[in-house]
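J.: Before anything else, here's the structure in question.
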2 protein chains.
Amino acid sequence: MQRQVASAWHKFTRTNRRPYLFSSSSPSYNTNSNNNSFLKTPQILGLDLPEIWKPSVLKKTPSSHNHNAEQTASVIDGISIAEEIRSGIAQEVSRMKNAIGKVPGLAVILVGERKDSQVYVRNKVKACEEVGIMSLTADLPDDCLEDEVLCAVSSFNENPSVHGILVQLPLPQHMDGEKILSVVSLDKDVDGLHPLNIGNLAMRGREPLFVPCTPKGCIELLLRSNVEIMGKNAVVIGRSNIVGLPTSLLLLRHHATVTTVHAFSKNPDTVTREADIVVSAAGVSNLVRGSWLKPGAVVIDVGTNPVEDPNSEHGYTLTGDVCYEEAVRVVSAITPVPGGVGPMTVAMLLSNTLDSAKKAYRFT
Amino acid sequence: MQRQVASAWHKFTRTNRRPYLFSSSSPSYNTNSNNNSFLKTPQILGLDLPEIWKPSVLKKTPSSHNHNAEQTASVIDGISIAEEIRSGIAQEVSRMKNAIGKVPGLAVILVGERKDSQVYVRNKVKACEEVGIMSLTADLPDDCLEDEVLCAVSSFNENPSVHGILVQLPLPQHMDGEKILSVVSLDKDVDGLHPLNIGNLAMRGREPLFVPCTPKGCIELLLRSNVEIMGKNAVVIGRSNIVGLPTSLLLLRHHATVTTVHAFSKNPDTVTREADIVVSAAGVSNLVRGSWLKPGAVVIDVGTNPVEDPNSEHGYTLTGDVCYEEAVRVVSAITPVPGGVGPMTVAMLLSNTLDSAKKAYRFT
């Protein structure tokens with residue numbers, strides 16, 4: 001059967017031979033060396049283009065073949081898995097406190113008055129409290145100077161009771177976020193987003209000090225659901241520095257055949273339909289329709305997209321990247337939104353902070 | 001036609017629903033918190049397994065459908081493209097010398113008496129000479145101390161006439177290669193293999209100081225052959241720190257939909273057959289057969305595998321990863337081995353050294 005598919009596919013592609021790859025709009029090089037233009041190749045790094053999903057992709061109607069099918073998917077319950085992890089962390093923190101009289105400390109830097117950021121920070125502080133991790137918050141006004149933020153970071157860097165430092169993003173526009181993040185001590189970068197850490201995550205034979213929280217949460221969900229990763233086709237939709245990229249790198253470390261799909265992918269649906277494991281982190285509501293998914297696939301939906309909803313208390317509800325109602329009829333397992341990856345991210349932050357404290361105190 | 005394929009494919013996969021992803025051999029977690037085993041998750045980073053291609057993959061016979069077809073591929077001539085680049089570099093070096101009385105300097109550290117390493121170093125020194133780049137070589141015996149190598153690196157780090165430092169790999173087994181490489185000043189890491197550099201290559205919005213030479217050479221070949229990369233399906237076979245990984249990251253920066261195939265990929269042939277652009281860096285002779293390739297694809301063959309050949313002067317000939325005779329009948333363009341990527345790697349080393357010197361002298 002597979003052979004049939006391959007040959008049908010061959011038939012299709014053979015008609016499209018050769019010229020379509022060679023585009024006259026590609027960057028052209030003047031190989032006449034007089035003006036040395038061939039040495040000026042900023043193109044080598046590619047252009048940093050905005051990640052905008054085309055409406056044509058979004059409008060694709062779902063195939064109807066599964067509309068009447070019943071739900072086949074089991075639901076991967078992020079809330080209860082995260083709860084288990086947090087309860088284990090609480091026990092470890094208590095063991096540490098009893099043994100050496102110390103607890104892990106997490107410092108959070110919040111700049112400005114964004115409502116969503118305030119909620120995220122409050123949730124993290126509350127999660128710390130629940131497991132016995134000490135939390136410190138530096139609350140700076142929107143119009144503070146970059147230097148004040150840098151100063152807050154430095155002070156936490158030097159504070160031996162602080163084992164993890166988190167700069168809540170996004171920062172106000174007048175600040176150089178990259179500069180601020182790069183001042184965070186590597187030993188306390190519990191977010192795992194320092195480029196050296198990402199490099200060590202990417203390279204074989206090396207190990208990052210911390211695995212970024214959301215990607216780590218995704219892999220935990222797969223591992224704890226006994227999903228085999230090695231040799232499987234994994235598609236990661238989205239390539240952000242925070243989620244998509246490190247998730248791809250982590251799945252590769254688990255020996256999946258990893259494909260990264262993004263807003264410039266020509267046929268994201270066709271590519272995704274080949275995947276045994278789909279991690280969607282595009283940040284686009286209902287991007288992934290049932291027709292994008294291979295029957296039996298496992299889906300981790302990282303998207304948490306606010307969608308207007310006048311009936312809801314806050315005026316909006318959160319939806320994932322995946323059209324859940326369609327997906328549950330096709331796939332074998334899926335995370336809900338909310339209640340899937342979200343709780344795992346916070347649990348992994350606590351877990352990284354605990355690990356950091358254990359390292360600092362040489363407590364095993 | 002595409003729709004037909006998709007539905008045939010659906011038929012195939014629907015029969016294989018659900019259970020095959022859930023393996024009892026997957027790492028299982030004891031979620032009973034008494035022994036805290038769920039906090040000990042070394043699995044989160046995956047196991048560092050050796051990259052051995054299964055004989056079953058290698059033995060796959062090529063499909064016969066193209067055996068009688070004629071050659072359709074144009075040959076991407078790495079020798080002449082590299083020559084153009086080197087000639088441009090020579091002009092720039094000469095312009096620099098005339099303007100400020102300085103030339104770029106490349107230092108090469110060679111440890112031991114490996115014949116192949118000696119040849120590589122000799123070639124690099126010769127290439128430097130030809131474009132006017134000053135080269136220095138530290139030639140250390142096989143049984144020297146790690147400290148002596150570190151000392152050589154430090155001395156080159158401090159030498160203002162040196163703008164690039166290259167530690168020829170592999171180092172003798174008794175040395176910690178990672179440690180030695182990490183001592184090379186980031187500003188002089190013209191190989192671009194420092195994890196911070198790889199992190200900056202991987203992350204959007206960031207830029208590495210140097211793009212690793214062989215991946216940079218591959219992209220140059222594509223760009224100079226006017227191959228469109230954006231939105232195309234690219235498959236990179238192999239995931240080494242030196243070639244496969246950074247090539248995947250670089251293609252992603254060019255907005256290709258990138259899939260990384262490796263020794264653990266279940267159907268490397270099927271996956272590769274979806275690619276518009278194939279970069280093979282597996283280091284396995286004749287791994288990629290004609291039947292692995294989509295008609296019209298563009299192939300960059302990084303493999304340089306010595307294969308025994310009693311008729312040759314040195315007792316061996318170099319072959320690529322790709323079965324060239326089969327591939328030229330299927331694809332639209334391909335690099336030969338030798339004469340493809342090889343000469344580009346050296347040209348990119350010179351180009352990175354020139355860039356480094358320009359930065360050091362603020363020469364534009």
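The values are calculated or read from the model by the stated rules, or taken from the named source; none is laboratory data. Predicted model only: the values in this text are computed from it and were never measured. Ideal geometry is used to build each Cβ from the backbone, glycine not excepted, and the neighbour counts take in all protein chains shown. Protein only, heavy atoms only, side chains kept; ligands, DNA and RNA dropped before computing areas. Shrake-Rupley method; radii C 1.70, N 1.55, O 1.52, S 1.80 Å.
J.: In region A:318-343, what residues are within 14 Å of the chain's Cα centre (by Cα) and surrounded by fewer than 24 Cβ atoms within 10 Å (Cβ to Cβ)?
T.: A:342, A:343 - these are the residues of region A:318-343 that are within 14 Å of the chain's Cα centre (by Cα) and surrounded by fewer than 24 Cβ atoms within 10 Å (Cβ to Cβ).
J.: Any residue at all in region A:191-201 that's touching a strand residue (DSSP E or B) at 6+ places or on another chain (Cβ under 9 Å) and either of a type in the set (Gly, Ala, Ser) or surrounded by fewer than 16 Cβ atoms within 10 Å (Cβ to Cβ) (or both)?
T.: Checking region A:191-201: not a single residue is touching a strand residue (DSSP E or B) at 6+ places or on another chain (Cβ under 9 Å) and either of a type in the set (Gly, Ala, Ser) or surrounded by fewer than 16 Cβ atoms within 10 Å (Cβ to Cβ) (or both).
J.: Moving to a separate point now. Considering only region A:349-364, state which residues are open to solvent by 10 Å² or more (accessible area, probe 1.4 Å) and aliphatic (A, V, I, L, M).
T.: A:360 - this is the single residue of region A:349-364 that is open to solvent by 10 Å² or more (accessible area, probe 1.4 Å) and aliphatic (A, V, I, L, M).
J.: Test residue B:233 against the stated conditions and say whether it is more than 21 Å from residue A:255 (Cα to Cα), modelled with pLDDT of 95 or more and within 10 Å of chain A (Cβ to nearest Cβ).
T.: Judged against the criteria, residue B:233 is not a match.
J.: When you scan region B:333-364, how many residues do you find that are assigned to a helix (DSSP H, G or I) and of a type in the set (Val, Ile, Thr)?
T.: 4
J.: Exactly one condition in (1) surrounded by fewer than 24 Cβ atoms within 10 Å (Cβ to Cβ); (2) more than 14 Å from every other protein chain (Cβ to nearest Cβ); (3) modelled with pLDDT of 95 or more is not met by residue A:315; state its number.
T.: So the condition that residue A:315 fails would be (3).
J.: Scan region B:289-312 residue by residue and report those that are at pLDDT below 95 and either in a loop (DSSP other than H, G, I, E, B) or within 27 Å of residue B:226 (Cα to Cα) (or both). Break it down into steps so the answer makes sense when it comes.
T.: Our first condition is that a residue be at pLDDT below 95; within region B:289-312, this holds for B:304-312.
Listed by number, the residues that qualify are B:304, B:309, B:310, B:311, B:312.
J.: Before we move on, is residue A:333 within 16 Å of residue A:127 (Cα to Cα) and of a type outside the set (S, T, N, Q)?
T.: For residue A:333, the condition - within 16 Å of residue A:127 (Cα to Cα) and of a type outside the set (S, T, N, Q) - is not met.
J.: Right, here's the next one. Here's a check for you: in region A:198-230, which residue that is within 7 Å of chain B (Cβ to nearest Cβ) and of a type in the set (A, V, I, L, M, F, W, C) is nearest to residue B:241 (Cα to Cα)?
T.: Per the criteria, the residue is A:203.
J.: From the list A:307, A:346, exactly one residue is open to solvent by 10 Å² or more (accessible area, probe 1.4 Å) and over 16 Å from the mean Cα position of the chain (by Cα). Which is it?
T.: A:307
J.: Separate question: Just to be sure I understand, how many residues within region A:274-296 are open to solvent by less than 30 Å² (accessible area, probe 1.4 Å) and within 8 Å of another protein chain (Cβ to nearest Cβ)?
T.: Summing the residues that are open to solvent by less than 30 Å² (accessible area, probe 1.4 Å) and within 8 Å of another protein chain (Cβ to nearest Cβ) in region A:274-296 gives 5.
J.: Within region A:71-82, which residues are part of a helix (DSSP H, G or I) and either β-branched (Val, Ile, Thr) or exposed (fewer than 14 other Cβ atoms within 10 Å of the Cβ) (or both)?
T.: Listed by number, the residues that qualify are A:79, A:80, A:81.
J.: May I pose another question? May I ask you to list the residues in region A:35-74 that are more than 18 Å from residue A:269 (Cα to Cα), at pLDDT 80 or above and among the β-branched types (Val, Ile, Thr)?
T.: A:44, A:72, listed by residue number.
J.: Go through region A:236-252 and give me each residue that's surrounded by fewer than 23 Cβ atoms within 10 Å (Cβ to Cβ) and within 8 Å of chain B (Cβ to nearest Cβ). Before you say what the answer is, go through the steps one by one.
T.: Kept after step one, since they are surrounded by fewer than 23 Cβ atoms within 10 Å (Cβ to Cβ), are these residues of region A:236-252: A:240-242.
Once the filter is applied, which keeps residues that are surrounded by fewer than 23 Cβ atoms within 10 Å (Cβ to Cβ) and within 8 Å of chain B (Cβ to nearest Cβ), region A:236-252 yields A:240, A:241.
J.: Restricting to region B:253-283, name every residue that is touching a residue at least 40 places away in the same chain (Cβ under 8 Å) and in contact with a strand residue (DSSP E or B) (Cβ under 7 Å, 6 or more places away or on another chain).
T.: B:268, B:274, B:275, B:276, B:277, B:278, B:279, B:280, B:281, B:282, B:283 - these are the residues of region B:253-283 that are touching a residue at least 40 places away in the same chain (Cβ under 8 Å) and in contact with a strand residue (DSSP E or B) (Cβ under 7 Å, 6 or more places away or on another chain).
J.: Among residues belonging to region B:318-332 that are part of a helix (DSSP H, G or I) and out of contact with any Pro (no Cβ under 8 Å at 6 or more places or on another chain), point out the one that is nearest to the other protein chains (Cβ to nearest Cβ).
T.: First, the residues of region B:318-332 that are part of a helix (DSSP H, G or I): B:324-327.
Imposing the further condition that a residue be out of contact with any Pro (no Cβ under 8 Å at 6 or more places or on another chain) reduces the set to B:325, B:327.
Numbers: B:325: 19, B:327: 14 Å.
In this case the residue turns out to be B:327.
J.: Scan region B:74-130 for residues that are more than 30 Å from residue B:333 (Cβ to Cβ), of a type in the set (A, V, I, L, M) and within 14 Å of chain A (Cβ to nearest Cβ) and report the count.
T.: 3
J.: Residue A:299 fails exactly one of the following numbered conditions: (1) surrounded by 23 or more Cβ atoms within 10 Å (Cβ to Cβ); (2) within 11 Å of chain B (Cβ to nearest Cβ); (3) in contact with a helix residue (DSSP H, G or I) (Cβ under 8 Å, 6 or more places away or on another chain). What is the number of that condition?
T.: (2)
J.: Select from region B:115-134 the residues that are in contact with a helix residue (DSSP H, G or I) (Cβ under 9 Å, 6 or more places away or on another chain) and under 15 Å from residue B:97 (Cβ atoms) and list them in ascending order.
T.: Across region B:115-134, the qualifying residues are B:128, B:130, B:131, B:132, B:133, B:134.
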